[in-house]
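The structure under discussion appears below in the form of structure tokens.
Bear in mind these aren't lab numbers, they're just calculated from the coordinates by the rules spelled out. Quantities reported herein were computed from a predicted structural model and do not represent experimental measurements. Using ideal geometry, Cβ is built from the backbone for each residue, glycine included, and neighbour counts are taken over all protein chains shown.
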Amino acid sequence: MKQTYISDIDRMKNGDSVTLKGWAQEIRIMKNIGFIILRDSTGLVQATVKRENEAFGDLEKITRESVVELSGTIPEKVVSKLGKEITVSSLKVLNLAMVPLPLGIVDEVEADFDTRFNNRFMDLRKLEHQRIFKIKSALLWGIRTFLMNRGFTEVQTPKTVSAATEGGAELFSVKYFEKDIFLNQSPQLYKEMLIASGIERVFEVGPAFRAEEHNTPRHLNEFTSIDIEMAFADHNDAMHMLEEAISAGVENFLKTVPDSEKVSLLKEKPITPFPRITYRECVRILKEEGIDQKDGEDLNNESLKVIGKRFENFYFITEWPTTVRPFYTATLEDERDFTKSYDLQFKEIELTSGAQRVHNPDELKNRIEEKGLNSQNFEFYLKTFRYGMPPHAGWGLGLERLTQVILGLNNIREASLFPRDRTRVFP
Ligand code: AMO
């Protein structure tokens, strides 16, 4: 097993012996001296090989990106710009890389998306691309730990389902023996059913599938949804849980991923509570600014840009009209045209939808039918509301969107290892 990583060199002193394994990112051979820039997942080091050393002969044989094992010592004086250097005493080639490479690792100019994603394994050898996923992982870890500490149980629900949750148009159908079924758009119905089961606080991190027709920089056809549902809670409780969870996630990656503050738009954990603005307040502002935003309709991109400019980063838009929210969304008690719902925004981009839910089975059945859906198809779900269903609330947070906005990435695909879009289901 590999014992020492390149980052460990920071803790070593002159003369210490070291064995490193990694990829030969660059090889330069001069008259009396040769250099390998060795890379592993933790960084780069300059490895110097002197002509009198036996290893010098092997330098000519290795190709860029070959996997090698280098043993040597830490020199007295470090001259490399990388700040890390070793003097090589032996070199072992573990696996030779073919020539030419399908994608350059040291090129300044990024290749086009198709070349990059067709060769994603190679594209990820760029440490700045790897870092996105280290940050994404630490962000999720922070959120997960926060939820576990708040008494949430992590659950796994089916992704092959027979009823639509978020609306019929964006569904992928798949053959399931002799039946046509769907890939799940959201664990919504299942997380609510688990509330009926009495678990009280659940969360899930899993894939969600949306047959979005259009290629955009913000949509994937398969994304990672972080979902929570909590019993005996309203929309305000769920919003509070969300802002604290995000803050914990950001704090965790800033603490654990080296250099993450250099690429993150957030240099410290965001201050909570996040600002809140109602949908009606947004419409009032938009009208004042002369923007054509109709009452009772979803806020379009132009409107969200205008609203987003008023906030530094995260904020909630609350109390959306009943007409634009799914059937499971609870309405305000005294104003049935508006809901106990919210979206979490980062500037103009939506990161989360959530709400308090309808918990009365008759009202829920009516709401399903008002949306033009057949309530018979939802019997498995409605049934769980008839034998003691507590009031409950929750949210769904898109992990790739969150990573995208925090790192200021132009395209959500950068935050997905193997993105799925309208034309790409490969590799
Ligand atoms: P919604 O449909 O708004 O709500 O989805 C929740 C969040 O998931 C992310 N998201 C996407 N990310 C990438 N590509 C997509 N195509 C995509 N679609 C959605 C967004 C979005 O805010 N059941 C509700 C949640 C709830 O109320 O608990 C739901 O699925 O970040």
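Where the only charges are on Cβ atoms (+1 Lys, Arg; -1 Asp, Glu), what is the dipole of the stretch 1-77 about its Cα centre, to the nearest 20 debye?
On the way: 12 positive and 12 negative charges, 32 e Å.
Dipole magnitude for the stretch 1-77 comes out near 160 debye.
Please give the Cα centre distance for the stretch 1-38 versus the stretch 87-136, rounded to the nearest Å.
Centre-to-centre (Cα) distance: 18 Å.
Please give the net charge around SER89, taking every other residue with its beta carbon less than 10 angstrom from that of SER89, where Lys and Arg add +1 and Asp and Glu add -1.
On the way: positive: LYS50; negative: GLU54.
That works out to 0.
For the stretch 298-321 and the stretch 219-264, what is the separation of their Cα centres, given in Å?
19
How would the stretch 224-345 be classified by its alpha-carbon gyration tensor: rounded, prolate or oblate, with rounded meaning a/c under 1.5 and the a/b versus b/c comparison settling the rest? Spell out each step's value before the answer.
Values: a/c = 2.63, a/b = 1.41, b/c = 1.87.
Oblate.
Report the far tail of the P(r) of the chain, meaning the percent of Cα-Cα pairs longer than 41 Å. Don't skip to the answer; put the middle values down first.
Working: 27439 of 90951 pairs.
Value for the chain: 30 percent of Cα pairs lie more than 41 Å apart.
I need the shape label for the stretch 97-249. Rule: rounded when a/c is under 1.5, else prolate if a/b > b/c, else oblate, with a, b, c from the alpha carbon gyration tensor. Before the final figure, lay out the partial values.
Values: a/c = 2.65, a/b = 1.46, b/c = 1.81.
Because a/c hits 1.5 or more and a/b fails to exceed b/c, the stretch 97-249 counts as oblate.
Among GLN376, PRO102, PRO390, which residue has its Cα furthest toward the positive end of the charge dipole of the chain, with +1 on Lys/Arg Cβ and -1 on Asp/Glu Cβ?
Checked the options; the winner is PRO102.
Can you tell me which of ASN360, ASN252, ASN221 moves the most in a GNM of the chain? Springs connect C-alpha atoms under 10 Å apart.
Result: ASN360 has the largest fluctuation of those listed.
Could you check how many percent of all C-alpha pairs in the stretch 267-318 are farther apart than 18 Å? Each step should come with its number before you reach the end.
Numbers: 401 of 1326 pairs.
So the pairs more than 18 Å apart make up 30 percent of the total in the stretch 267-318.
Dipole of the stretch 142-251, Cα-centred, from +1 at each Lys and Arg C-beta and -1 at each Asp and Glu C-beta, to the nearest 20 debye?
Working: 9 positive and 18 negative charges, 61 e Å.
Its charge dipole is roughly 300 debye.
Give me the extension gain from GLN130 to LYS61: residue separation times 0.36 nm, minus the current Cα-Cα distance, reported in nm with one decimal. Don't skip to the end; give the middle numbers.
Values: separation 69, 0.36 × 69 = 24.84 nm, distance 2.80 nm.
So the chain would gain 22.0 nm between GLN130 and LYS61.
Only Cα pairs within less than 10 Å get springs; with that Gaussian network setup on the chain, which residue of MET193, MET12, MET230 has the largest fluctuation?
Greatest mean-square fluctuation among the candidates belongs to MET12.
Based on Cβ point charges of +1 for Lys and Arg and -1 for Asp and Glu, what charge dipole magnitude is obtained for the chain about its Cα centre, in debye rounded to the nearest 20? Could the numbers behind the result be given before it?
Working: 58 positive and 66 negative charges, 309 e Å.
Dipole about the Cα centre, nearest 20: 1480 debye.
Going down the list LYS21/LYS134; LYS50/LYS81; LYS13/LYS61, which pairs span over 22 Å between their C-alpha atoms? Present the calculation step by step, with values, prior to reporting the outcome.
Numbers: LYS21/LYS134 20 Å; LYS50/LYS81 19 Å; LYS13/LYS61 31 Å.
Violating the 22 Å Cα-Cα cut-off are LYS13/LYS61.
Just to verify a number: FRET efficiency for ASP292 and LEU265, C-beta to C-beta distance, R0 = 25 Å, to 0.05? Don't skip to the end; give the middle numbers.
Working: r = 31 Å, r/R0 = 1.22.
Once rounded, the FRET efficiency stands at 0.25.
As a test of the formula, what do you get for the chain when each DSSP H run with n ≥ 4 contributes -39,500 (n - 2.57) and the sum is divided by the residue count, at 222 nm and rounded to the nearest 500 deg cm²/dmol?
Details: 12 runs with 113 residues, N = 427.
Rounded to the nearest 500, it is -7500 deg cm²/dmol.
Near the amide H of GLN293, under 5 Å away, which other amide H atoms are found, from residues 5 or more places off or on another chain, if H is placed in the peptide plane?
The answer is none.
Filter the GluC sites (Glu not before Pro) in the stretch 25-117 to those in DSSP coil with at most 14 other Cβ atoms within 10 Å of their Cβ, and list the result.
Passing sites in the stretch 25-117 are GLU52, GLU54, GLU60, GLU76, GLU108, GLU110.
Determine by what factor the alpha-carbon radius of gyration of the stretch 234-280 differs from 2.2 N^0.38 Å, reporting the quotient. Show your work: numbers first, answer last.
Working: Rg = 13.1 Å, N = 47, 2.2 N^0.38 = 9.5 Å.
The reported ratio for this selection is 1.37.
How far apart, in nm, are two points set 7 Å out from the Cα along the Cα-to-Cβ line at VAL99 and at PHE418?
Placing both labels 7 Å along Cα→Cβ, they lie 3.1 nm apart.
Which one, CYS282, ILE132, ALA211, projects farthest toward the positive side of the charge dipole computed for the chain from Cβ point charges (K/R +1, D/E -1)?
It is ILE132, whose Cα lies furthest towards the positive end.
Once the piece of chain linking THR4 and PHE380 is laid out straight, how much longer is it, given 0.36 nm per residue of separation minus the C-alpha distance between them?
Values: separation 376, 0.36 × 376 = 135.36 nm, distance 5.42 nm.
129.9 nm is the gain from fully extending THR4 to PHE380.
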